[in-house]
Structure formats: C-alpha cells, structure tokens
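The structure appears below as structure tokens.
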Amino acid sequence: MNRVDVVLFDLDDTLFATTPASAAGLAELMEGADPATAYTRWRELEDAHYPRYLRGELDFVEQRRVRTRAFLGAELDDGQVDRWFEGYVAASQRHWALYDDAIPCLDALHDRRIGLITNGDPVYQSSKIAAVGLDARIEHLVASGEVGYAKPDPRIFAAACALFEVEPDGAAYVGDRLRTDAIGAAEAGLRGVWLDRDDRATAADRADADAAGVAVIRALAELPGLLGAARAD
C-alpha cells in the first residue's frame, strides 16, 4: 500500500489517556463507593447520552446534566449538577496525560503531517490538547462540535483532508473505536487503523476490519512501521 504523508488521530483513548484520568477523577469524588462499579455506570451513561449530543438532540452542557442526574440518582437543579460536574472535571484534570506510547510514536512520524479528528466540543478538547502539550505537535484539530457532523460521517474525514489539501487516499486515520474511527475512515477513503489497546477484538470484529481493509494494532509503537519507513532528511 502507498505510503501516506498525513496521519490523523482520534484524541480520547488513542493519544490522550481519557479512561484512566476519568476513572481516577471519579474515584476521588465517590468516596466509599466501589470505583470500578461507579466508573462502569458512568461510562454506560456517557455511551447512552453523548451520542445524543453528537446527533444534535442535546447541547454539550445538557448532555452532561442528563447523565450526571442519572448517575447521582437525585433531584438536583442545574446549578448543583454543574458544580458536581465541575468538581469531576477538576479531579480528572489532575490525572490528564498522554499514553506512554504517544510521544514516541509522534517522534517516529516526524516527517509526516499530523492532525486530530475528534467527536466533541472544540473548546473542551482544545483544553486537553494544550494541557498535555499536544498542540505543538499537530497542524489541525477537526472537532464535530465545530464542523457540525460527527464520526463516522464521511464529511468530517473529508473536512480534515481538505484542511491538509490531501486526497483521502493520502491520509491515514488511527482511533480506538473500530466502527466509528477505523471503518468510518476507511469508508471515507482514508487508510483506517484500529488501535485495540486492550485486545478486545472478537472474531467478528476482525472479520469486519478485514472486510473494510482496516489494520489492527495493539500499541502506537506499531504504527510507524505499518505506515512505512520515514523519508531520509
């Protein structure tokens, strides 16, 4: 397969260690509760309501309020809910970090152009990017909250390619979600790569990845070799 010169990444749980930070922040707030049980419930509510934000059914703040009320199981006004969520964000921020393999991977891709495509609010995502110094590493951030459509909609991948002035087959996209990220990118004409950090791939997942022409990696250390040797400077 042809070498690509533009490498686009998902942010959360691909480069940015979102799950560890969120779990640690939630554990700080929920003293006395079982951390694993609490975080599992929190993720279930996020998976239920965050897509509603992406579809435009709720705005960014309201989706936070809906899942916070459901998680706490209490009749709280907007101010109380917002203060609790602000405490959760502050606790999580103390644990914000990139995965250990992120910077070595980006260093190895020094001769490629790097960007991000994320399903989220551009202001909040930009705050995470700046906090871990990733802003100095990327040329463009494409956020669903800004462009108006979310992965796996092919238009968000097309928007990123347009910013880089590259045809889709000249770009690769790497993300931790098989269908939203990797298959979505492949169907938009990019080279899709699924980062399966926890080895969650089932036989059906692998069959779907193969059918879509998606490569599967377990760590970002595998990515530079997959994409081909760097050009000599």
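Each reported figure results from applying straightforward, stated rules to the coordinates on display, with no laboratory input. It should be emphasised that the depicted structure is a prediction, and the values quoted were computed from it without experimental measurement. Positions of Cβ are generated from backbone atoms using ideal geometry, with glycine treated the same way; all protein chains shown enter the neighbour counts.
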Exposure-ranked with fewest Cβ neighbours within 10 Å first, TYR149, TYR50 stand as TYR149, TYR50
For segment 9-143, size of Cβ-based charge dipole, Lys and Arg +1, Asp and Glu -1, in debye = 100 debye
Estimate the FRET efficiency between VAL89 and GLU187 by the formula 1/(1 + (r/R0)^6), using the beta-carbon distance for r and 30 Å for R0, to the nearest 0.05.
-> 0.35
With charges set only on the Cβ (+1 for Lys and Arg, -1 for Asp and Glu), what does the dipole of segment 18-93 come to about its Cα centre, in debye to the nearest 20?
-> 200 debye
Which is farthest toward the positive dipole end of segment 18-93 among TYR39, GLY56, ALA23, measuring Cα position about the Cα centre, with Cβ charges +1 (Lys, Arg) and -1 (Asp, Glu)?
-> GLY56
Given a Förster radius of 30 Å and the C-beta distance between ASP101 and GLU57 as r, what FRET efficiency does 1/(1 + (r/R0)^6) yield to the nearest 0.05?
-> 0.25
Exposure proxy check on SER126, SER144: fewest-to-most Cβ neighbours within 10 Å is SER126, SER144
Per residue convex hull volume, Cα atoms of the chain, in Å³ | 125 Å³
Compare the Cα positions of ALA130, ALA150, ALA188 along the charge dipole of segment 122-233 (+1 at Cβ of Lys, Arg; -1 at Cβ of Asp, Glu; about the Cα centre) and return the one farthest towards the positive end.
-> ALA130
ILE217 versus ARG197, label points 7 Å from Cα toward the beta carbon: distance in nm?
-> 1.4 nm
For ASP176, enumerate residues with amide H under 5 Å from its amide H, sequence gap 5+ or separate chain, H modeled in the peptide plane.
-> LEU195
Least to most buried among VAL147, VAL193 (fewest other Cβ within 10 Å first) | VAL147, VAL193
Which distance in nm do the two modelled labels at LEU72 and ALA36 give, with both placed 7 Å along the Cα-to-Cβ direction?
-> 2.7 nm
Between GLU28 and ARG206, what is the spin-label point distance in nm, taking each point 7 Å from the Cα along the Cα→C-beta axis?
-> 4.0 nm
Considering only DSSP beta bridges whose two residues both sit in the chain, what percent are antiparallel, to the nearest 5?
-> 5 percent
Counting Lys +1, Arg +1, Asp -1, Glu -1, what net charge surrounds ALA221 among other residues with beta carbon under 14 Å of its beta carbon?
-> -3
How big is the charge dipole of segment 116-233 about its Cα centre, in debye rounded to the nearest 20, if each Lys and Arg gets +1 on its Cβ and each Asp and Glu gets -1 on its Cβ?
-> 180 debye
From DSSP H assignment alone, runs of 4+ in the chain each adding -39500 (n - 2.57), the sum over residues rounded to the nearest 500 puts [θ] at 222 nm at -14000 deg cm²/dmol
Estimated FRET transfer efficiency (ARG43, ASP169; beta-carbon r; R0 41 Å; 0.05) = 0.75
